[in-house]
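The values are calculated or read from the model by the stated rules, or taken from the named source; none is laboratory data. It should be emphasised that the depicted structure is a prediction, and the values quoted were computed from it without experimental measurement. Cβ atoms come from the backbone with ideal geometry, glycine included; neighbour counts cover every protein chain shown. For accessibility, only protein heavy atoms count, side chains too; no ligands or nucleic acids. Shrake-Rupley method; radii C 1.70, N 1.55, O 1.52, S 1.80 Å.
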Amino acid sequence: MTGKKNTQPDMNHRKDGETKTPEGENRGDNLILIGMPTSGKSTVGIILAKALGYEFTDIDLLIQKKAGKKLSAIMEENGVDGFLSLEEEITCGLSCSHTVIAPGGSVVYGRKAMEHLKSLGRVIYLQMDLDMLTERLHDARNRGVALREGQTLEELYNERVPLYEQYADITVNESGHALEDMVVLIVSKLHAPA
């Protein structure tokens with residue numbers, strides 16, 4: 001690569017389709033959206049994929065397809081740990097390029113899954129505050145949120161936020177932004193100088 005930065009939507013592609021990160025390791029050209037349930041990973045992901053001319057993959061849908069049932073049913077039958085194991089297996093098997101990937105909010109519990117996702121591309125954390133989460137998420141169990149028995153939404157939030165922050169290459173705060181604005185913010189951060 002030359003010393004000059006390319007700020008086109010291809011995210012500093014080399015001829016082999018990988019991205020050179022500031023740390024020097026090679027990564028794929030995908031974008032991975034992480035964040036709490038209801039943070040808009042799937043909705044923003046679809047709009048972002050259209051804006052960039054990328055494909056879109058929702059890992060929760062891949063899990064449901066493999067298991068042949070809804071996320072909530074998987075958790076009822078296999079427990080949270082069984083679900084997390086399946087989520088990590090499917091995430092680690094993912095292979096794609098030029099794709100916006102929306103994993104479930106619990107993917108950050110799987111170290112191997114997150115290492116794999118980071119190897120596939122840049123990880124973007126859709127940050128929301130606890131009040132926004134509480135306002136949007138009314139029935140966590142039926143939605144298929146990996147919530148342990150007796151765990152409150154606040155405890156879940158406080159447990160996951162440090163993990164999202166740890167794995168994020170880019171953080172976009174959702175506060176006060178419509179979905180379309182989020183896409184504009186993400187694209188502008190992708191093009192910002194390091």
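One table, with the values for the structure above:
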{"read-out": "Within the stretch 98-118, considering residues that are open to solvent by 70 Å² or more (accessible area, probe 1.4 Å) and not charged (D, E, K, R), the one farthest from ILE46 (Cα to Cα)", "value": "TYR109"}
{"read-out": "Qualifying residue in the stretch 89-97 (condition: in contact (Cβ under 8 Å) with a residue 60 or more places away in the chain and either crowded, with 18+ Cβ neighbours inside 10 Å or part of a strand (DSSP E or B) (or both))", "value": "no"}
{"read-out": "All positions within the stretch 113-138 that are closer than 16 Å to GLY28 by Cβ and either in contact (Cβ under 8 Å) with a residue 12 or more places away in the chain or outside any helix (DSSP H, G or I) (or both)", "value": "ALA113, MET114, HIS116, LEU117, LYS118, SER119, LEU120, GLY121, ARG122, VAL123, ILE124"}
{"read-out": "Neighbours by Cβ (under 9 Å, 6+ apart or cross-chain): first from the stretch 146-166, on the phi > 0 side of the Ramachandran plot; second among the acidic types (Asp, Glu) and modelled with pLDDT of 95 or more", "value": "none"}
{"read-out": "Of all residues in the stretch 30-71 being part of a helix (DSSP H, G or I) and of a type in the set (Ser, Thr, Tyr), the one that is nearest to GLN166 (Cα to Cα)", "value": "SER42"}
{"read-out": "Residue among VAL100, VAL145, VAL108 that is outside any helix (DSSP H, G or I) and more than 23 Å from ALA51 (Cβ to Cβ)", "value": "VAL145"}
{"read-out": "Residue satisfying all of: in the stretch 168-189; under 17 Å from the mean Cα position of the chain (by Cα) and not in a helix (DSSP H, G or I); surrounded by the most Cβ atoms within 10 Å (Cβ to Cβ) among these", "value": "VAL172"}
{"read-out": "Residue among GLU149, GLU135, GLU174 that alone is within 18 Å of PHE83 (Cα to Cα) and among the acidic types (Asp, Glu)", "value": "GLU149"}
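Yes/no per residue for (1) over 15 Å from the mean Cα position of the chain (by Cα); (2) open to solvent by less than 30 Å² (accessible area, probe 1.4 Å):
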| residue | (1), (2) |
| --- | --- |
| ARG27 | yes, yes |
| ASN30 | no, yes |
| PRO37 | no, yes |
| SER42 | no, no |
| LEU62 | no, no |
| LYS66 | yes, no |
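So that you can scan it fast, the table gives a plain yes or no per residue for (1) within 20 Å of ASP58 (Cβ to Cβ); (2) buried (at least 20 other Cβ atoms within 10 Å of the Cβ); (3) touching a helix residue (DSSP H, G or I) at 6+ places or on another chain (Cβ under 7 Å):
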residue: GLY121; (1), (2), (3): yes, yes, no
residue: TYR125; (1), (2), (3): yes, yes, yes
residue: ASP131; (1), (2), (3): no, no, no
residue: GLN166; (1), (2), (3): no, no, no
residue: HIS191; (1), (2), (3): no, no, no
